[in-house]
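J.: One structure is given below, represented as structure tokens, and several questions about it will come after.
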Amino acid sequence: MEYKYLNNIQYPEDLRRLSVEELPGVCDELRDDIVKELSVNPGHLASSLGVTELTVALHYVFNTPEDRIVWDVGHQAYGHKILTGRREVFSTNRKLNGLHPFPCPEESVYDTFTCGHASNSISAALGMAVADHGHNRHVVAVIGDGSMSGGLAFEGLNNVSSSPNNLLIILNDNNMSIDRSVGGMKQYLLSLNTNESYNRWRNKVAQWMNSHGLMDDNRKNRVIRLGNALKSALSSQQNIFEGMNIRYFGPLDGHDVKELVRVLRHLKDMRGPKLLHIHTVKGKGYKPAEEAATIWHAPGRFDPETGERLCDEEEDNRPPKYQDVFGDTLVELARQNDNIVGVTPAMPTGCSMNKLMQVMPERTFDVGIAEGHAVTFSGGMAKEGFIPYCNIYSAFAQRAYDNIIHDLAIQRLGVVLCFDRAGLVGEDGATHHGAFDMAALRPIPNITICAPMNEHELRRMMFTAQLPNQGPVVIRYPRGRGVLSDWRCKLEAIPVGKGRKLSDGSDVAILSIGHIGNTVTQALGRLREEMPQVSVAHYDMRYLKPIDEDILDEVGRRFRRVITIEDGVRSGGLGSAVLEYFSDHGYTPQVIRLGLPADSFVEHGTIAELQHLTGIDADAVVEAVKKANNTVS
């Protein structure tokens, strides 16, 4: 499409040739371009629309890439990508071998730091500012979409206040993460204000002291502390940032690009750490996204003119998403057991915890972007007799590893950790694949790890996990749909640590865990036609820990050729557990392990594409059986 401004902006230096008066036009075109691109190539829409003016202002005022802009929750950064040399290839965003879904330093010098997860921008930007090596470059951290509730953000702020630096932190306050923001920080930001007259007076005093040689670093810190004390005494509200000796400015309208430019120019060369607080609207400029920001966070394909969301397939009679089975089952269990509660770190809609939230809000807790806290908070409730179902995306649960060990496993506390998006997640790429949970958690004592092959198994595992004396239980399941249209089944217990034999055979044994077992079923259908002479047994292990030793003994005694398959990293997961058991008990079958690569990250693409590339699709299972059977394909 022809644009007056955007067609002539390849890189930020082109943007900086324009006048300030032309910048609103650039913003309009950039926003229109994002909407049109994402209508046919789905991605994260509403967040990038909300920071359009900020993106333009930052690249206009700062000399990027020499100056560093560190984005937080990188789904805000589509406009940044378009303005930094990637507009012509933006249609490949999130596609196999195309642009990365989030800022990636390997992709562009303008992408200063990987930021697929929230709350890391302040720490990373501070590190860059401290390591400036005399270049006098400017460093800006952009944090928003609820990320200020993350513990790492506060750890960074604490260090910012005590390390010599000139960092600028921009707090993009849109009252949202994916769902509405929650907690004390949200309420604090809603009411926070600052006196502009006071700021102007303080700036004049500081300039006068500088001009008369009266302001060295020690005096400056004492003056800031004195000023903060006076301001606190005169104000009804203490400013938490100023209380940490971080100069605070705002709140400012984040959609007034000309005012943003003016303020950023003023702050650009100001010495010492400072924070600019801006208010934005998630989805700004596209009415459907403004009115339903949660839905339009990542809406899929849509008609940009009407706002109608387009489905690739008919919904009728399709199996449900695993997350919805989780949500509906949790409601059923909570109605049966008054001690059950739900906990989520800012993902009630994404994990379908909103289903319990709607009917039992007093028993549902959204703790904000704070996975470690979610786990320990759940542990505290479990200590007093509650049974928390704490739902965290697998990749995000990595940030709660110590909490799982220290605050759950050591004390054997009965928390049910439901890891959504386990395995490959598709277009969100390396930062979001749930590749490591089984390998990371298997060595931990006192913990149970299981994975359902279908919706019935998920419901039964959820029921079993709330029975007495279970200790911490991890239930991992994938993104997307299951396999059963008739998915409701009786809620009943299954034996912990016991798998099941789905089909018998005599030549090759396949051991799978979780949803990937359905891929084995598909492959076995093909093998019966292509290689009817080969007899293949299939075991659904169900539990990684405790693992079913009866099955392993049977397989070790009966089979000379064994294949394991899992949608997790090969090192440390199911395949490793099987090999360890065989070695410890004197079994010597040939073992082929299928799983995600052991020493490289999986990039982005559709799940089908990535399963093929990583060798865990039906084709790979067929080839593994042929190899195990010494058959030339």
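Quick note: the coordinates plus some simple rules give every number you see, no bench work behind them. Since this is a predicted model, take the numbers as computed values, not measurements. Because the Cβ atoms are built from the backbone with ideal geometry, glycine has one as well, and the counts that use them run over all protein chains shown.
J.: From Cα pairs below 8 angstrom and at least 6 apart in sequence, can you work out the relative contact order of the chain, rounded to a whole percent?
T.: Relative CO of the chain lands at 11 percent.
J.: Do any of LYS95/LYS268; LYS501/LYS627; LYS282/LYS355 go past 28 Å between their Cα atoms, and which?
T.: Among LYS95/LYS268; LYS501/LYS627; LYS282/LYS355, the Cα-Cα distance tops 28 Å for LYS95/LYS268.
J.: Then there is this: What shape does segment 342-478 have by the C-alpha gyration tensor, where a ≥ b ≥ c are the square roots of the eigenvalues, rounded means a/c under 1.5, and otherwise prolate means a/b greater than b/c and oblate the rest?
T.: Verdict is rounded for segment 342-478.
J.: Give me the angle, in degrees from 0 to 90, between the Cα long axis of helix 52-61 and the longest principal axis of the Cα atoms of the chain, rounded to the nearest 10.
T.: Result, in degrees: 60.
J.: Okay, next question. Please list, in chain and number order, the residues 5+ apart from LYS284 or on another chain whose amide H is under 5 Å from its amide H, with Hs placed from the backbone.
T.: Under 5 Å from the amide H of LYS284 lie the amide H atoms of GLY50, each far enough along the sequence or on another chain.
J.: How high is the FRET efficiency between ARG318 and HIS612 when r is their beta carbon distance and R₀ equals 25 Å, given to the nearest 0.05?
T.: The value I calculate is 0.65.
J.: How about segment 235-332: which trypsin sites (Lys or Arg not before Pro) there lie in a loop by DSSP and see at most 16 other Cβ atoms within 10 Å?
T.: Qualifying residues, ordered by number: ARG271, ARG301.
J.: How big, in percent, is the set of alpha carbon pairs in the chain lying more than 45 Å apart?
T.: 26
J.: Can you give me the angle between helix 23-40 and the longest principal axis of the chain, using Cα atoms only, in degrees from 0 to 90, rounded to the nearest 10?
T.: With rounding to tens, the tilt is 10 degrees.
J.: Based on DSSP, what percent of beta bridges with both residues in the chain are antiparallel, to the nearest 5?
T.: Looking only at bridges with both residues in the chain, the antiparallel portion is about 15 percent.
J.: Gain in length, ASP619 to ASP553, computed as 0.36 nm per residue apart minus the alpha-carbon separation, to one decimal in nm?
T.: Computed gain between ASP619 and ASP553 is 20.9 nm.
J.: Given +1 on the Cβ of Lys and Arg, -1 on the Cβ of Asp and Glu, and no further charges, what dipole in debye does the chain carry about its Cα centre, rounded to the nearest 20?
T.: Dipole of the chain, to the nearest 20 debye: 1600 debye.
J.: Which loop chymotrypsin sites (Phe, Trp or Tyr not before Pro) in segment 523-605, with loop taken from DSSP, have no more than 10 other Cβ atoms within 10 angstrom of their Cβ?
T.: none
J.: How far, in degrees from 0 to 90, does helix 455-465 lean away from the longest principal axis of the Cα atoms of the chain, to the nearest 10?
T.: 80
J.: For a Förster distance of 51 Å, can you work out the FRET efficiency between the beta-carbons of ARG528 and GLU2, rounded to the nearest 0.05?
T.: So, using R0 = 51 Å, E works out to roughly 0.35.
J.: Additional query: Given contacts defined as C-alpha pairs under 8 Å and at least six residues apart, what's the relative contact order of segment 423-572, whole-number percent?
T.: Relative contact order comes out at 31 percent.
J.: Something else: For LEU502, which sequence-distant residues (separation of 5 or more, or a different chain) have an amide H within less than 5 Å of its own amide H, given hydrogens modelled in the peptide plane?
T.: Placed amide hydrogens put HIS538, TYR539, ASP540 under 5 Å from LEU502.
J.: Along segment 598-607, what does the Karplus equation 6.51 cos²θ - 1.76 cosθ + 1.60 (θ = phi - 60°) give for ³J(HN,Hα), rounded to whole Hz, x for Gly and Pro?
T.: My calculation for segment 598-607 gives 7, 9, 7, 8, 8, 7, 10, x, 5, 4 Hz in order.
J.: Out of all DSSP beta bridges in segment 277-405, what portion is antiparallel? Express it as a percent rounded to 5.
T.: DSSP beta bridges in segment 277-405 are roughly 10 percent antiparallel.
J.: For ILE563, enumerate residues with amide H under 5 Å from its amide H, sequence gap 5+ or separate chain, H modeled in the peptide plane.
T.: ALA509, ILE510, LEU511, ILE592
J.: Segment 431-511: which GluC sites (Glu not before Pro) are DSSP loop and have at most 13 other beta-carbon atoms within 10 angstrom?
T.: GLU492
J.: Please report, in debye to the nearest 20, how large the charge dipole of segment 1-143 is about its Cα centre when each Lys and Arg carries +1 at its beta carbon and each Asp and Glu carries -1 there.
T.: 280
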